[in-house]
Structure formats: structure tokens, C-alpha cells
Amino acid sequence: MFKNILGLSVLAIALAVAPAQAAPTGASSVVAGGEGLIGTEDAGAGPASRRFRTRMFLNFACVIYNPKRANAKQKPNIVTQVRLYHDGQPVFIGDPVPLDMSQQKDMTRLVVARRLFLGTILTPGDYILHLTVTDSSEGGSPKAATRWLDFRMVE
């Protein structure tokens, strides 16, 4: 049905705490099974609630489906761009970044993974993370697909 249409999966998010916010050495312990560090969780902020604090890293990823290729050996020409909006106004517009194809295993399903530092200038309130993926591979006009995710900055 969507065989030749550029598509994106939903945005999956995770967070990482900036080193200055991490718990001091000795105050945290690694939990068996990879659950993470005890003592670094923030009950008022996290990906499940889509609430974040300044100085956190917002990690996000999605899968690109059906990128164009002239033949099976050609790699797609994909560029991604991130924008961040607050109250309908852009507060960050990232440079277009070519997708690194060197680590991609399946050229029909490409993984985009990015990290956005939520610096100290973001005020509390509602934000929208907007990801644009453009496929400029040979064989036609460029195609674009977008995904967005709303989240809240809290104190």
C-alpha cells in the first residue's frame, strides 16, 4: 500500500542527564539487568510524562521507511533537520544534517537517532520538537516527511 512513499515511524524518546546533574560517584549504583542508575531518576521529569528540566538531554529516534534508491547498491541521500518551538515561535532551528549511512544495516529502514541538549535558556512551558526528513536521492524531486512531539519544560 505504501511501498513507494517516504514514511517515518513515531518518535521514540529517552532522556539522559547532563554530567553536572548526575548523582555523585558513590551515590549511585548500577542495577542488574540494565535498569539504570539508582539515585538519578527524577520523579517530576522524564520521557513517560514528556516533562523535562533544563540541562537534560532529550534523545529521540525514529525509523525512515522507503527511502529512494536508483539500484540496490546505491545508498539513499537523506538529510534531517530539527526545530524546537515554544508558543508557536521557533526557539531553535538546527542545521540540516546528512544521515550517516555507515552504520545502517537495512537501506529500506533507516534509523535516525539524535540528541538535543535542553540548555539553560529554555523557560518553563510547552514545546514542540519537529523533525523533518528529506530524501534527495536521484530519480525524482525531493520528498519530505515530518514528525513532531510535544513536551513540557518544568522547573
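Since every read-out is calculated from the coordinates, none of them should be taken as a lab result. For clarity, every value in this text was computed on a predicted model and none was experimentally measured. Here the Cβ positions follow ideal geometry from the backbone for every residue, glycine too, while neighbour counts run over all protein chains shown.
A few comments on the model shown:
- Cβ-defined net charge surrounding A113, 15 Å radius [Lys, Arg +1; Asp, Glu -1]: +3
- The order of S102, S9, going from fewest to most other C-beta atoms within 10 Å of their C-beta, is S102, S9.
- 15 Å beta-carbon shell around A72, net charge (K/R +1, D/E -1): +4
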